[in-house]
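**Q** Once you've had a glance at the structure underneath, I'll fire off some questions.
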Amino acid sequence: MVLPRYRTPSKYENTRGPLVTRFAESLLTVPKGPRVGQPLRYLNWQRWLLNEVLEVRDDNLLRYRRGLVGVSRQNGKSIIGSGLGLEHLFSPTPGLEVYSCAGDRMQARIVFGEARRQVLASETLSKLARVYRDAIEVYATGNVYRILSADAKLAQGLSPSLVIFDEVHVQPNSDLWDAMTMGTGAREQPLVLGITTAGDDPESLCGQLYEYGVKVATGEVEDDEFGMWWWEPSDGEKAEIDDREAWRQANPSLVEGVTFESDMAMASRQSQPIAFRRYRLNQWFRHGGAGWMDMAAWDEATSPQKIKDGEEVLLTFDGSVDEDATALGIVTMGDDPHFDLLAVWEPDDSDENWQVPRDEVDAAIEDAFSRFKVYRLMADPAYWRTELQFWADKYGSRKILEWPVTNSRMGPAVAEAYKRIKDQTITVGDSPTLRRHIANAVVKDLAGGLYTIKKEKKGSSKKIDAAVTFVIAIDGLERYNKRPKRTLRSF
């Protein structure tokens, strides 16, 4: 079993961990994976963690009132939280209040949703409680389990006995944590427990809790009521992303054979390094200013080749009005795709009234359609719907595809764009402007382990619009390659 890099030393022999383990393994089932629906069996590290978190003092009260658990994704954090919450909910002690909290309501539903499914699936538990969409209430004791998102106003007046904060790193501020912590004041032995992966802002709530927890775990600060259990590589930032020992140190389930090294190996090759370090190695890396692209790999993919007239191409367009840049990209559709920047229009800092020269943009689009065999023009329609309709009327509606720059589109496309550069399965033009826009783009987290790209700061003069056209081009290539192939009929 792999112990966390940072952990508060145990002081007492007694623990209530086995109560949660027995409850969960008697009444709960595996939520997903090959053993879905079968009786739950906690892993060794999960049992150890529950024993640590629920350590009991000599006066038979819980030692910890607050705590932080940090472990990489795909290690079974949710089932720990739901098991802990449900055992507390169905305790014979009346008047208990359990809350699942998160940065937004969707995230808060993850741990609660797992608990809700477990109750509905259990013949025993479902008879003891009334299950609502956002709450579970036990008939005999009046104990209740609810969800809360990051709106601290909703937390005023509550008296939590157990609070489980899921993915603390996405909390926008400390308001909800503070409100729930202060709300436990009337409880004799409450617990507010954060369960999370690493974040990207050391000044956030999660960053401050991490820093404080490290000080407590290392003895720099004495706080007998704060618990810290954080898995990450012992070498810190010196650990390489392909270091298998580092993988094991940050992924306790990997050592027990539940997650697989083959999956980690693939992720280390295909993921953006910062994302891999955060989500798979549970390390803190600030994204503000941390570039999206591996620029050494980008330079390796750079080629001076020029796209020839008459080639089949895909055009990509990201437009603006006045403060941002507007870019027109192009990519070939063959087996060895090559992306380049056809044109870019950037604000003139010396001209306060500068606006994108729409007539020049239209001329560039017309020139591209006349020179190349255009399969399709994919464009973000924001601010440019009139022009898109004009181009559709002029070049054919099937030639124009609106591609709104949304997180659901950008997430997969950004990941695939990074992968193609790392795998060297696409070449890119040697345009200094294109390279600058690529280097300017930084990472923004999305749900499900995905990320998109953004400016370093809102209103920044560092433009990324050419980078967006590259991402759109990658999505276009994926669509092109997956299109139904026509076959000739024989007679």
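The values are calculated or read from the model by the stated rules, or taken from the named source; none is laboratory data. None of the values given here were measured: they were computed from a predicted structure. Cβ: placed from backbone, ideal geometry, glycine included. Neighbour counts: every protein chain shown.
**Q** Between residues in the stretch 274-301 that are at positive phi and modelled with pLDDT of 85 or more and residues that are of a type outside the set (Asp, Glu) and in a strand (DSSP E or B), which pairs lie under 6 Å by C-beta distance while being six or more apart or on different chains?
**A** That search, which allows pairs on different chains as well, returns 282/70.
**Q** Residues to consider are 145, 210, 139; find the one that is at pLDDT 90 or above, crowded, with 23+ Cβ neighbours inside 10 Å, hydroxyl-bearing (Ser, Thr, Tyr) and within 24 Å of residue 89 (Cα to Cα). Step through it out loud before you land on a result.
**A** On the way: 210 fails: within 24 Å of residue 89 (Cα to Cα); 139 fails: crowded, with 23+ Cβ neighbours inside 10 Å.
The match here is 145.
**Q** Report the residue count in the stretch 117-140 for those that are in a helix (DSSP H, G or I), over 17 Å from residue 99 (Cβ atoms), among the aliphatic types (A, V, I, L, M) and touching a residue at least 12 places away in the same chain (Cβ under 8 Å).
**A** Count: 2.
**Q** So residue 157 fits all but one of (1) at negative phi; (2) assigned to a loop (DSSP other than H, G, I, E, B); what number is the exception?
**A** Answer for residue 157: the failing condition is (1).
**Q** Are any residues in the stretch 41-82 of a type in the set (Asp, Glu) and over 22 Å from residue 214 (Cα atoms), and if so, which ones?
**A** Correct list: 58, 59.
**Q** Follow-up question, since we're still on this one. Select from the stretch 443-491 the residues that are among the aromatic types (Phe, Trp, Tyr) and at pLDDT 70 or above and write down the one among them that is farthest from residue 171 (Cα to Cα). Walk me through how you get there before you give the answer.
**A** From the stretch 443-491, those among the aromatic types (Phe, Trp, Tyr) are 451, 470, 480, 491; that's our starting set.
Okay, now just the ones that are also at pLDDT 70 or above, so 451, 470, 480.
On the way: 451: 17, 470: 31, 480: 39 Å.
Applying the filter and picking the extreme gives 480.
**Q** Here is a further query. I'd like to check something: does the stretch 295-309 contain any residue that is closer than 30 Å to residue 9 by Cβ and surrounded by 17 or more Cβ atoms within 10 Å (Cβ to Cβ)?
**A** no
**Q** Of all residues being over 20 Å from residue 467 (Cβ atoms) and among the aliphatic types (A, V, I, L, M) in the stretch 366-407, which is surrounded by the most Cβ atoms within 10 Å (Cβ to Cβ)? Just the residue, please.
**A** Here the residue is 400.
**Q** Okay, moving on. Assuming residue 40 fulfils every condition listed in (1) touching a residue at least 24 places away in the same chain (Cβ under 8 Å); (2) more than 21 Å from residue 168 (Cβ to Cβ); (3) out of contact with any Ser or Thr (no Cβ under 6 Å at 6 or more places or on another chain); (4) of a type in the set (A, V, I, L, M, F, W, C) apart from one, which condition is it?
**A** Checking residue 40 against (1) touching a residue at least 24 places away in the same chain (Cβ under 8 Å); (2) more than 21 Å from residue 168 (Cβ to Cβ); (3) out of contact with any Ser or Thr (no Cβ under 6 Å at 6 or more places or on another chain); (4) of a type in the set (A, V, I, L, M, F, W, C), the one that fails is (3).
**Q** In addition: Looking at (1) assigned to a loop (DSSP other than H, G, I, E, B); (2) touching a strand residue (DSSP E or B) at 6+ places or on another chain (Cβ under 6 Å), which is the only condition residue 88 fails?
**A** Going through (1) assigned to a loop (DSSP other than H, G, I, E, B); (2) touching a strand residue (DSSP E or B) at 6+ places or on another chain (Cβ under 6 Å) one by one, residue 88 breaks only (1).
**Q** Report yes if residue 324 is assigned by TED's automatic domain parsing to the domain that holds residue 475, surrounded by 13 or more Cβ atoms within 10 Å (Cβ to Cβ), at pLDDT below 90 and over 30 Å from residue 230 (Cβ atoms), otherwise no.
**A** yes
**Q** Further question on the same structure: If residue 222 satisfies all but one of (1) in a loop (DSSP other than H, G, I, E, B); (2) surrounded by 13 or more Cβ atoms within 10 Å (Cβ to Cβ), what's the number of the condition it fails?
**A** Residue 222 satisfies every listed condition except (2).
**Q** Same structure, new question: Taking the stretch 432-463 as the search range and keeping residues that are closer than 27 Å to residue 103 by Cβ and of a type in the set (A, V, I, L, M, F, W, C), which one is surrounded by the fewest Cβ atoms within 10 Å (Cβ to Cβ)?
**A** Here the residue is 447.
**Q** How many residues does the stretch 1-19 hold that are more than 27 Å from the chain's Cα centre (by Cα), surrounded by 12 or more Cβ atoms within 10 Å (Cβ to Cβ) and more than 18 Å from residue 65 (Cβ to Cβ)?
**A** Total meeting the criteria: 2.
**Q** Is one or more of the residues making up the stretch 8-19 at pLDDT 95 or above, in a helix (DSSP H, G or I), touching a Leu at 6+ places or on another chain (Cβ under 8 Å) and closer than 23 Å to residue 110 by Cβ?
**A** Within the stretch 8-19, one or more residues are at pLDDT 95 or above, in a helix (DSSP H, G or I), touching a Leu at 6+ places or on another chain (Cβ under 8 Å) and closer than 23 Å to residue 110 by Cβ.
**Q** Also, I was wondering about something else. Among the residues of the stretch 308-325, how many are out of contact with any Pro (no Cβ under 8 Å at 6 or more places or on another chain), farther than 22 Å from residue 418 by Cα and not small (Gly, Ala, Ser)? Talk me through it step by step, then tell me what you get.
**A** Initially, the stretch 308-325 is screened for residues out of contact with any Pro (no Cβ under 8 Å at 6 or more places or on another chain), giving 308-321.
Of the ones still in play, those that are also farther than 22 Å from residue 418 by Cα are 308-312, 319-321.
The next check asks that each one be not small (Gly, Ala, Ser); those that pass are 308-309, 311-312, 321.
Of the residues in that region, 5 qualify.
**Q** Can you find a residue that is surrounded by fewer than 24 Cβ atoms within 10 Å (Cβ to Cβ) and either in a helix (DSSP H, G or I) or β-branched (Val, Ile, Thr) (or both) anywhere in the stretch 95-102?
**A** There is no residue in the stretch 95-102 that is surrounded by fewer than 24 Cβ atoms within 10 Å (Cβ to Cβ) and either in a helix (DSSP H, G or I) or β-branched (Val, Ile, Thr) (or both).
**Q** Determine the pairs where a residue that is within 19 Å of residue 476 (Cα to Cα), located within the stretch 332-360, has a partner that is part of a loop (DSSP other than H, G, I, E, B) and of a type in the set (D, E, K, R) with Cβ atoms under 6 Å apart, the partner being 6 or more residues away or on another chain.
**A** From the stretch 332-360, the pairs are 332/311.
**Q** Only one of 109, 73, 105 is among the charged types (D, E, K, R) and touching a Lys or Arg at 6+ places or on another chain (Cβ under 8 Å); which?
**A** Only one candidate qualifies: 73.
Rundown of residues vs (1) farther than 30 Å from residue 73 by Cβ; (2) of a type in the set (A, V, I, L, M), yes/no style:
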residue	(1), (2)
378	yes, yes
388	yes, yes
421	no, yes
428	yes, yes
440	no, no
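**Q** Another question, then. For residues that are of a type outside the set (Gly, Ala, Ser) and part of a loop (DSSP other than H, G, I, E, B), scanning just the stretch 20-37, find the one that is surrounded by the most Cβ atoms within 10 Å (Cβ to Cβ).
**A** Among them, the one singled out is 28.
**Q** Still on this structure, I have one more. Search the stretch 189-207 for residues being in a helix (DSSP H, G or I) and touching a Ser or Thr at 6+ places or on another chain (Cβ under 9 Å), and hand back the single one that is surrounded by the fewest Cβ atoms within 10 Å (Cβ to Cβ).
**A** The extreme case among them is 205.
**Q** Which residue is farthest from residue 343 (Cα to Cα), if the candidates are limited to the stretch 400-433 and must be part of a helix (DSSP H, G or I) and among the polar types (S, T, N, Q)?
**A** Applying the filter and picking the extreme gives 408.
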